[in-house]
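Written below as structure tokens is the structure these notes are about.
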Amino acid sequence: MALLQISEPGQSAAPHQHRLAIGIDLGTTNSLVATVRSGVADVLPDASGARSLASVVAFKADGTADVGEAATVESSAYLPIRSAKRLMGKGADDLEGHWLAEHHRFDRSGSVPAFETAAGPKTAVAVSAEILAALKARAEHTLGGDLVGAVITVPAYFDDAQRQATKDAAALAGLNVLRLLNEPTAAAVAYGLDQGEALGAGSVVAIYDLGGGTFDISLLRLNAGVFEVLATAGHTALGGDDIDHALVAWLLEKSGLRAFPDDAARAEAVAQARQIKERLSAATSVDVDFVVNGESVWQGEFAREAFDALVSPLAERTLGLCRRVLRDAGVERDEVASVVMVGGSTRVPLVREQVSRFFDQDVLTDINPDEVVAIGAAIQADALAGNRPEDDLLLLDVTPLSLGLETMGGLAEKVIPRNTTIPVARAQEFTTYKDGQTAMALHVVQGEREMVSDCRSLARFELAGFPARVAGALRIQVLFQVDADGLLTVSAIERESGTVASVDVKPSYGLSDGEIESMLRDSMDLAAEDMQARALAEQRVEASRVLEAITAALDSDGDEHLSADERAAIDASVIAVQGALASDDRDAINAAVQALEKGSEAFVERRMNASVRRLMAGRDLDELESRNN
Ligand code: ADP
Ligand code: MG
């Protein structure tokens with residue numbers, strides 16, 4: 001079996017030399033950066049000791065930007081930008097009815113909406129780039145060296161456009177992306193669930209992530225060190241903010257106020273509510289002094305039970321989504337081997353209790369829930385930078401480009417689309433093109449373009465020795481399998497005879513991120529051109545198929561069924577199709593083929609009748625024989 005191996009560039013790090021790599025949790029509310037030092041993963045605080053960076057950006061007229069708490073001090077006519085993550089990879093259409101559009105003015109003239117700022121229009125990518133640049137600077141300052149790159153986490157449900165936008169933001173920030181990692185996978189990695197005997201093969205892990213404004217529940221299946229995302233569910237407006245608002249309503253009622261005098265007073269109340277909430281995670285009761293516009297309006301004790309009553313409806317809603325994700329994945333509740341708690345709001349004791357009760361087990365909370373994603377990303381970054389022993393390497397990946405097969409006409413048929421989580425197996429059926437064909441040449445290609453000539457050739461092999469049949473009668477199943485190492489095996493089997501052949505390929509490696517990106521860019525830029533090329537190629541294949549069938553029929557019994565004149569007419573049509581095929585004119589080819597098909601209708605019919613007669617004769621004979629026995 002041929003084994004094509006292409007070495008992976010940049011993997012031969014000098015031994016003993018630690019390469020600086022970071023993990024970044026680019027969050028909706030808060031972002032963090034972490035790294036592995038002396039074998040321990042930890043979050044990097046800023047100069048004042050703050051471990052997280054608020055995902056808030058304020059651009060200034062001189063083009064620079066404040067990031068984090070500093071950005072929340074209103075310094076210009078523009079509101080500081082929050083929650084930019086929600087617009088990553090989104091178009092102007094997605095802004096219709098979006099709550100962000102109520103708070104910000106947007107420039108919608110481009111293909112991507114941009115926040116209006118003192119420094120001009122800024123896209124979500126540009127905003128995220130500022131956050132990433134701030135975290136990069138923090139890491140470089142703390143670690144005192146150049147970074148080889150970063151692992152950046154994204155929600156498991158992020159689509160291609162959202163992932164690409166995240167990569168674009170990193171490029172703008174001057175960060176080399178070692179890999180994008182799903183947030184739930186990062187959390188599982190932080191707990192070492194992929195390592196050693198932590199969990200048995202095939203175990204299912206649930207990642208419960210309740211942040212400030214979003215809830216996500218993901219089910220992952222662990223196989224040979226690889227996490228496969230089985231299903232995700234969630235809500236884009238469910239989180240700690242809801243608790244804050246419930247608490248504000250409660251305080252308002254207690255103090256006998258009907259409403260807040262102004263927005264500033266309301267914002268102040270939300271901040272107080274958040275503080276009370278966070279204090280109650282560590283204490284069973286807190287003393288409250290509720291202040292509105294500098295005036296104390298209510299004082300009293302706030303006990304955990306009263307707080308729990310406010311939190312309970314929120315927790316119940318998240319459990320409804322947990323039920324749904326189990327149903328979607330076809331997994332029973334007791335099959336879940338481990339539950340990882342992620343997000344600041346899972347510090348709320350009632351949330352932990354409810355989730356533990358739901359899954360009937362202790363949930364994992366040892367690692368700070370708001371840091372666990374960044375920690376996992378740092379561990380993955382450390383491995384990708386080559387700082388870990390070979391056998392400790394993490395094997396989490398997706399296919400960076402589509403994998404497929406060349407079909408007639410030089411077209412690329414995608415079997416495994418890009419960004420599919422590995423390991424993966426996909427099968428597709430193909431058939432023969434010519435009558436009597438007994439072998440098939442299989443050409444494995446990688447890329448997004450429609451024509452094989454624009455894709456990257458990975459391997460060629462042959463499936464030979466299957467029985468001769470008319471074109472289209474045989475079923476050849478081609479199976480693409482990518483294992484946890486990214487090793488592709490393509491095998492083909494002809495069903496009737498059981499003829500098999502296969503080839504192993506090592507895809508994706510050998511291509512730099514830059515090459516992958518330019519292949520992707522080409523596929524988008526040239527999409528229209530490609531469609532034309534594909535349509536022409538398909539037309540050609542169809543024409544050749546008709547030509548092939550008719551000339552074969554003419555050769556075998558043309559003279560038996562056709563007069564000399566009829567034969568000459570069909571021959572002329574055949575020549576016309578051959579002539580048209582030499583051109584690049586789809587319409588001309590189409591017209592010539594139609595004329596040929598029309599002109600040979602009578603011939604085809606006569607042949608059919610003759611073969612039916614032969615068949616009937618054969619049947620009679622068979623029946624006679626069986627009666628004699
Ligand atoms: P995101 O992933 O959306 O960026 P985080 O995971 O950082 O958000 O979670 C932020 C939320 O966690 C906020 O609503 C915050 O009030 C809440 N939170 C943080 N610490 C605590 C705590 N000790 N108790 C309760 N809630 C907390
Ligand atoms: Mg988060």
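None of the figures in this text is laboratory data; all of them are computed from the coordinates on show. It should be emphasised that the depicted structure is a prediction, and the values quoted were computed from it without experimental measurement. Cβ placement follows ideal geometry from the backbone for every residue including glycine, while neighbour counts extend to all protein chains displayed.
Observations, loosely collected:
- In straight-distance terms, cross-link reach from residue 434 covers every one of the lysines whose alpha-carbon lies under 19 Å from its own, apart from those fewer than eight places away in the same chain; here that gives an empty set.
- Annotation for residue 258 and residue 137: the two label points, set 7 Å from Cα along the Cα-Cβ direction, are 4.9 nm apart.
- Were the residues from residue 613 through residue 295 laid out at 0.36 nm apart, the gain over their Cα-Cα distance would be 104.2 nm.
- Charge tally in the Cβ shell below 10 Å around residue 238, where Lys, Arg are +1 and Asp, Glu are -1, residue 238 excluded: -2
- The order of 86, 317, going from fewest to most other C-beta atoms within 10 Å of their C-beta, is 317, 86.
- Percentage of interatomic Cα-Cα distances in region 73-218 larger than 26 Å: 37 percent
- Positive-end residue of 596, 154, 211, charge dipole of the chain with Cβ unit charges: 211
- Kirkwood Rh in Å, taken over the chain so that all alpha-carbon pairs contribute: 29.0 Å
- If the segment from residue 203 to residue 334 were pulled out straight at 0.36 nm per residue, it would be longer than the present Cα-Cα gap by 46.0 nm.
- The length gained by stretching the chain between residue 102 and residue 566 to full extension, at 0.36 nm per residue less their Cα-Cα distance, is 159.6 nm.
- Around the Cα centre of the chain, unit charges on the Cβ atoms of Lys, Arg, Asp and Glu (plus for the first two, minus for the last two) sum to a dipole of about 380 debye.
- Backbone N within region 96-122 under 18 Å of label point (7 Å from residue 266 Cα along the Cβ vector): 98-105
- Between region 257-301 and region 438-463, the alpha-carbon center distance in angstrom: 66 Å
- Screening the chain for whole DSSP H helices of 15 Å or more along their axis (Cα) with average Kyte-Doolittle hydropathy at least -0.5 returns 124-143, 240-254, 304-329, 349-359, 372-384, 527-561, 564-581, 586-599.
- Each other residue within a Cβ distance under 14 Å of residue 547 adds +1 if Lys or Arg and -1 if Asp or Glu, for a net charge of -3.
- Shape of region 233-298 from the C-alpha gyration tensor: oblate (a/c of 1.5 or more and a/b not above b/c, with a ≥ b ≥ c the square roots of its eigenvalues).
- The simple spin-label model puts a point 7 Å past each Cα toward its Cβ; for residue 109 and residue 64 those points are separated by 2.8 nm.
- Each Cα pair under 8 Å and six or more residues apart adds its separation to the average, and for region 274-414 the resulting relative contact order is 14 percent.
- For the chain: relative contact order, % (alpha-carbon pairs under 8 angstrom, 6 or more apart): 12 percent
- Residue order, fewest to most beta carbons within 10 Å, for 502, 556: 556, 502
- Residue order for 338, 296, fewest other beta carbons within 10 angstrom first, comes to 296, 338.
- Among 371-378, 569-576, 90-97, the order from most to least packed when residues are scored by Cβ within 10 Å on average: 371-378, 569-576, 90-97
- Cα shape, region 163-269, gyration tensor, a/c 1.5 rule: oblate
- Candidate aspartates and glutamates for bridging to residue 277, where Cα separation is under 14 Å - those fewer than 8 sequence places away on the same chain excluded: 241, 242, 244, 287, 289, 301, 305, 308
- Taking a ≥ b ≥ c as the square roots of the eigenvalues of the Cα gyration tensor, region 345-391 is classed as prolate, since a/c reaches at least 1.5 and a/b is larger than b/c.
- In the chain, the DSSP-assigned H stretches of four residues or longer account for a calculated mean residue ellipticity at 222 nm of -12500 deg cm²/dmol, using -39500 (n - 2.57) per stretch and the full residue count as denominator.
- Positive contributions from Lys and Arg (+1) and negative ones from Asp and Glu (-1), summed over other residues with Cβ under 15 Å from the Cβ of residue 20, come out at +1.
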